[in-house]
Amino acid sequence: MPRTFKATVILIVAICALALLTLVNLFQTNSAERTVLDLKKQVDLLNSSSERILKRLDDGVAVQGGNGSQGASDGNADKYAAALNEPGNLLKAAKDLQIPADAKMGGTLRNFLSDTPKGYNWLTENSVDVSNIQRMVHSTFARRDFSDPDTWVPDLAYKVEVSPDFLEYTISIREGVYWQTPAGVDFSDPKNAWLKEPHELTSEDCAFYYELIQNPQVEAGAIKNYFEDMDRVEIIDKYTFKVIWKRRTYSSLETTIDSYPLPKWIYSKDETGADLAPETLGLKFNSHWAAKYALGTGPYRLVEARAGEHVILERNPGYYGDRYPIERIKYLIVKDPEAAYLKLKADEIDVLPGLPANRFKADILDAKDGEAPFKNGQLEHKVVDVFAFYFLGWNADGKFFSDKRVRLAMTYALNRQGIIDNVLYGLGSIQTGPFYYKHPAMDPNVKPFPYDLEKAKTLLDEAGWKDTDGDGVRDKLVNGEKVDFLFTVTSYDKPEVKSWLSVYKEDLRKIGIMMTPQPVDWPTMQKKMDEKAFDAYTGGWGLSWSNDPYQIWHSSQADVPKGSNRIGFRNKRADEIIEQLRIEFDEAKRLELYHEFHRLLHDEQPYTFFYAPQSIAAWQPRVKNFVINTTRPQLYSLPWWIDADAEGKKSK
């Protein structure tokens, strides 16, 4: 929709006034040099003020954009704002992601990804890199406010109502929101014309997401379990739909509204635009031809992706929400963290979420003033508590780690504090359970098992693993076959992981266990985890504000293809606790259940819980308003802006 007549008049008057001020200054100044300087200042002021005026007019008001991407209607802005005050609406006005008044519009943020995404099917692809792109390109129905995570704020939805029994959620979405046009399509070919036509977001797209989740053919094992208690979705009208649950569950609110639509207009079609057969739709969806397009409704759109080189996003001119400052985001593909740091120092990228541990020591801890980029003002940095934890996962379905005494021995043999202090240089705290170590769900009475090789030996002896042939390696009869304790740890190929695994390997050798590290790239790592093709693996979980252990720890998830219970943890009492948590609304009782669950996992050691990390976020000084969120995504660039005067030539 065009801007209103009143808004346009305000803009014109403001611009004319600033232009008149520029002319007055020009004619009143006798010094030619001062005239030029003042003229430049006034023009800069004119440009900056115009941008701020445009931004204020565009808040909630998007102008019709190019490339077939249509903007949301501003005629409903008052309706959307008023809806937040309506009784029964769960959504409140957002307080976060504030854009400073002095923010400059434009510029390129040079970021990086660790690998080229193999596809952008938001439902079946769950890598970190794809998730990072999704947050910029697409939108959820609602989201948590970063400044108050207990508050849900509008995104695509402007109103969410729930029945008193928490079984029915009625969601009203914005009108006039359009899907972005696929990038890289040859529109000179008439057969692709249907892809360029404007496609408005409707309740059909919203319902399509939930329908695919329930489709048994769709490979979305990591999240399907959250929807097991969902009954159905009903379309009320073009912009309203209802999600109905079979039973009242604590997590149904977040599961329902923290979801997102999928473009039915393309994912239900073949490449010619013909409908796919309903009976095979789920199978086709898993490897759908449109997964090469990052389709969304969010503040940015994908405009170019070159395998092994880069992925480029640009500000979506048809976005319905705030007009965020940064015009363009260029993600270089940089697989090695050390290489990423070198590119940061060389002014080829602008932000590094985590500085390699060895660089933290050399260039921050040990560096003298003026000798390193963080000491001479070349780079900025900040210590960040990462809302995550790392662990070693033991395959309980294999021949080595089905006995909890063995798993406990592996924990006693890992010098966690020593590694944190000497390999990670203090960037972490020992983790003892499945929730973030500072979260109330963690029982404060649970203390970490100490590093104790003698205790590890005793436990291994009790479990029947002894050196019966005197070759220095423990062995045991497993299913009638003599098995030496020789195992492989599959790990993501990162320098610090290699370093601490080498320490661990030496300590295990001292107690008669031979461990072989197997570092691999992320696609290989993901494949091995999905197929459970490992003895043990190094893993990590990024955590959310709420906790539902079902996905990772319930026995039913141990045999789900590509599921998260990769280690095969099965425990009757754990299942009971998890199931109780899903229906318990009393916060005090929930806390008791969380604490019991923590104690149970600490005793079972299905993982050797390692550490909750800290990272060193590093960035170029040209990146301003570098806000770091407490919860994920912690480095979310929407409110950042680029100081164009400080941009290097390489950022162009």
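The values are calculated or read from the model by the stated rules, or taken from the named source; none is laboratory data. Since the model is a prediction, treat every value here as computed from it, not as a measurement. Cβ: placed from backbone, ideal geometry, glycine included. Neighbour counts: every protein chain shown. Heavy atoms of the whole protein, side chains included, go into the accessibility calculation; ligands, DNA and RNA do not. Shrake-Rupley method; radii C 1.70, N 1.55, O 1.52, S 1.80 Å.
Kindly state, to the nearest 0.05, the FRET efficiency for Asn479 paired with Asp521, given R0 = 25 Å and r defined as their beta-carbon distance. In this case the efficiency is close to 0.15. Taking +1 at the Cβ of each Lys and Arg and -1 at the Cβ of each Asp and Glu, which of Leu459, Val520, Trp640 sits farthest along the dipole of the chain towards its positive end, judged by Cα position relative to the Cα centre? Of Leu459, Val520, Trp640, it is Trp640. When +1 charges are put on Lys and Arg Cβ atoms and -1 charges on Asp and Glu Cβ atoms, the dipole computed for the stretch 498-652 relative to its Cα centre reaches about 760 debye. Taking every protein chain into account, the accessible area of the stretch 414-460 amounts to 44 square angstrom per residue (probe 1.4 Å). Each stretch of four or more DSSP H residues adds -39500 (n - 2.57); spread over every residue of the chain, this sum gives -9000 deg cm²/dmol at 222 nm. For the chain, DSSP calls about 80 percent of its internal beta bridges antiparallel.
Tell me which trypsin sites (Lys or Arg not before Pro) from the stretch 368-424 have a DSSP coil assignment and no more than 15 other beta carbons within 10 Å of their own. Please list the in-between numbers first.
Working: sites: Lys368, Lys375, Lys382, Lys399, Lys404, Arg405, Arg407, Arg416; in loops: Lys368, Lys375, Lys399.
Qualifying residues, ordered by number: Lys368, Lys375, Lys399.
Counted residue by residue at 0.36 nm each, then reduced by the alpha carbon distance between them, the extension gain from Lys399 to Lys196 reaches 67.6 nm.
For Lys159, a cut-off of 16 angstrom between C-alpha atoms picks up these aspartates and glutamates, skipping any fewer than 8 places away in its own chain: Asp78, Glu86, Asp145, Glu168, Glu175, Asp237, Glu254, Asp258. With the highest mean first, a sort of the peptides 604-615, 111-122, 281-292 on other beta-carbon atoms found within 10 angstrom per residue produces 604-615, 111-122, 281-292. With N counted as the residues of the stretch 398-513, its alpha-carbon radius of gyration over 2.2 N^0.38 Å works out to 1.18.
Each Lys or Arg adds one and each Asp or Glu subtracts one; over the other residues with Cβ under 9 Å from the Cβ of Thr490, this totals 0.
Seen through its C-alpha gyration tensor, with square-root eigenvalues sorted a ≥ b ≥ c, the stretch 316-402 comes out oblate because a/c lies at 1.5 or above while a/b is not bigger than b/c.
Taking the dipole about the Cα centre of the stretch 429-577, with the C-beta of Lys and Arg at +1 and of Asp and Glu at -1, give me whichever of Ile511, Val489, Phe435 is farthest to the positive side. After comparing all options, I get Phe435.
Around the Cα centre of the chain, unit charges on the Cβ atoms of Lys, Arg, Asp and Glu (plus for the first two, minus for the last two) sum to a dipole of about 1060 debye. Ignoring ligands, DNA and RNA, what percent of the accessible area of the chain is carbon or sulfur (1.4 Å)? Percent of accessible area from carbon and sulfur atoms in the chain: 51. Each peptide among 94-104, 418-428 gets the average number of other Cβ atoms lying within 10 Å of its residues, and from highest to lowest they stand as 418-428, 94-104. Return the whole-Å distance between the Cα centroid of the stretch 235-305 and the Cα centroid of the stretch 538-553. With the stretch 235-305 and the stretch 538-553 each reduced to a Cα centre, they are spaced 24 Å.
Within the chain, the selection of entire DSSP H helices by a Cα span of 20 Å or greater along the long axis and an average Kyte-Doolittle value of at least 1.6 returns 5-28.
If you take every residue apart from Phe609 with its C-beta less than 15 Å away from the C-beta of Phe609, what net charge results, scoring Lys and Arg +1 and Asp and Glu -1? Summing Lys/Arg as +1 and Asp/Glu as -1 gives +3. Looking at the square roots a ≥ b ≥ c of the eigenvalues of the Cα gyration tensor of the stretch 559-616, which shape do they give, rounded for a/c under 1.5, prolate if a/b is larger than b/c, or oblate? Taking the square roots of the gyration eigenvalues as a ≥ b ≥ c, the stretch 559-616 is oblate.
Once the other residues with Cβ under 13 Å from the Cβ of Arg143 are scored (Lys, Arg +1; Asp, Glu -1), what is the net sum? Overall, the nearby charge balance is -2.
Take the Cα of Lys335, step 7 Å toward its Cβ, do the same at Thr240, and the gap between the two points is 5.3 nm. Sorting Thr411, Thr458 on solvent-accessible area from highest to lowest, probe radius 1.4 Å, gives Thr458, Thr411. When the surface is traced with a 1.4 Å probe over the full set of protein chains, Glu271 keeps roughly 110 Å² accessible.
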